[in-house]
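Only one structure is covered here, and it is reproduced in the block below.
The values are calculated or read from the model by the stated rules, or taken from the named source; none is laboratory data. Please read all numbers here as calculations on a predicted model, not as lab measurements. We place every Cβ from the backbone using ideal geometry, glycine too, and count neighbours over all the protein chains shown. Note: areas computed on protein heavy atoms with side chains; ligands, DNA, RNA excluded. Shrake-Rupley method; radii C 1.70, N 1.55, O 1.52, S 1.80 Å.
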Amino acid sequence: MDTQDILKKVRKIEIKARGLSNNIFAGQYHSAFKGRGMAFSEVRDYQYGDDIRDIDWNVSARFHKPYVKVYEEERELTVMLLIDVSGSLDFGTQKTTKKEMVAEIAATLAFSAIQNNDKIGVVFFSDKIEKYIPPKKGRKHILFIIREMLDFHPESKKTDLKKAVEFLTSVLKRRCTAFIMSDFYTHADFENALTICNRKHDVVALQVYDPRAKSLPDVGLIKVCDAETGHEMYIDTSDKRLRDAHYSYWLNRQKELSSIFNKSNVDNISIATDQDYVKSLMQLFAMRS
């Protein structure tokens, strides 16, 4: 992809993502992802029923009547996007690849975040940490992130989610909201690392998958290739037993993932590349609100 093509794609994604974040997600994002705590705002007259622990004794003594401190939610967040850049994300049988859909969702979340004055950072990961972009604010920073997502060339094609979440746990000292964006094809056990990470941070898992991962079409003999290992083989999709086994494997894998997320207490959604990710994000926001 040359520079002009990348810039066109960045601009296209920016227009769509900003429109969604401005018109649809503004309020939902605000209520779904809370700030770190409460910040002092002002004082007002004490009213019956106010908690006496909120009385500002210095101001009350100065004006000879009780005043209480008023707090407001401390809104500024640090948002981290943990983006899977392994080989399997390049796969796509629909209008878009998993990688392209991840880029759009990440951009939408990023533009929603800067409307709330939040910082955005990114971790690109495969079976190692490919690149870390520290959290910053602003449109230029987001456009840089989108450009990197579209044109990033990882050193490895494999996946290790454990390393990604362990890196997040160690690199960010203050609590953040983290979105893990992946198809979650990994052989390494990451449940314990995810549990530890979610105790320190607020972690959300977004699984993006292609419909063919769920069901195979009956189209006869086809050659398939594992994007992460390069292994190639022919399979006969006209064999119903093969198609049934493929679907059973998908169901079992999804059950295992669901169990991991439940035990780790991590909110999660699954989005197919032929689905409207806007609806899925709205469901996620509503669930968290």
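Cα extents for the range 139-289 along the principal axes, largest to smallest and rounded to whole angstrom: 53, 33, 30. For Thr93, Thr229, the ranking by accessible surface with the largest value first comes to Thr229, Thr93, using a 1.4 Å probe. Of all DSSP beta bridges confined to the chain, the antiparallel ones make up roughly 45%. Among residues other than Arg243 whose Cβ falls under 14 Å from its Cβ, what is the net charge (Lys/Arg +1, Asp/Glu -1)? The answer is 0. Which loop-located GluC sites (Glu not before Pro) does the range 141-187 contain, where loop means any DSSP state but H, G, I, E or B and the Cβ has at most 13 other Cβ atoms within 10 Å? Answer in residue order: Glu155. For the range 182-226, taking Cα atoms only, Rg and Dmax work out to 16.0, 49 Å respectively.
Return the whole-Å distance between the Cα centroid of the range 242-275 and the Cα centroid of the range 202-229. If you average the Cα positions of each part, the centres end up 12 Å apart.
For the range 44-140, applying the loop criterion from DSSP together with a ceiling of 14 other beta carbons within 10 Å to the GluC sites (Glu not before Pro) yields Glu76.
Across all Cα pairs in the chain, the calculated P(r) in 10 Å bins from zero up to the longest distance comes to 6, 25, 31, 19, 10, 5, 3, 1, 0 percent per bin. In this structure, the residue pairs whose Cα-Cα separation is over 20 Å, taken from Lys158/Lys200; Lys98/Lys140; Lys162/Lys263, are Lys158/Lys200; Lys98/Lys140.
The order of Asp218, Asp127 by accessible area, most exposed first and with a 1.4 Å probe, is Asp218, Asp127.
If you run the Gaussian network model on the chain, springs between alpha carbon atoms under 10 Å, then out of Ala164, Ala178, Ala61 the most flexible one is Ala61. Given a 1.4 Å probe and the protein chains as shown, Lys12 ends up with an accessible area of around 150 Å². For Glu228, neighbours were defined as the other residues whose beta-carbon sits under 12 Å from its Cβ, and their charges (Lys and Arg +1, Asp and Glu -1) total -4. Angle between the Cα long axis of helix 3-23 and the longest principal axis of the chain, 0 to 90 degrees, nearest 10? Value to nearest ten degrees: 50.
What the phi angles of the range 53-68 give under the Karplus curve with 6.51, -1.76 and 1.60, with θ = phi - 60°, is a coupling list of 5, 8, 5, 8, 5, 5, 5, 4, 5, 5, 9, 6, 7, x, 10, 10 Hz, glycine and proline written as x.
Legend: residues Met287, Met101, sorted from most to least accessible area (1.4 Å probe; ligands, DNA and RNA excluded), read Met287, Met101.
To the nearest ten degrees, helix 161-171 and the longest principal axis of the Cα atoms of the chain are 30 degrees apart. Semi-axes of the equivalent ellipsoid for the range 80-145, computed as √(5λ) from the eigenvalues of its C-alpha gyration tensor and ordered from largest down, come to 22, 15, 7 Å.
Once the Cα atoms of helix 98-115 and of the chain are each reduced to a long axis, what angle between those two axes, in degrees from 0 to 90 to the nearest 10, is obtained? That works out to roughly 10 degrees.
Counting 0.36 nm for each residue step from Ser238 to Arg175 and taking away their Cα separation leaves a gain of 17.6 nm. Calculated mean residue ellipticity, 222 nm, the chain: -14000 deg cm²/dmol, from DSSP H runs (n ≥ 4) at -39500 (n - 2.57) each, averaged per residue and rounded to 500.
When you count the other C-beta atoms within 10 angstrom of each residue and take the mean per peptide, 244-254, 199-209 line up highest first as 199-209, 244-254.
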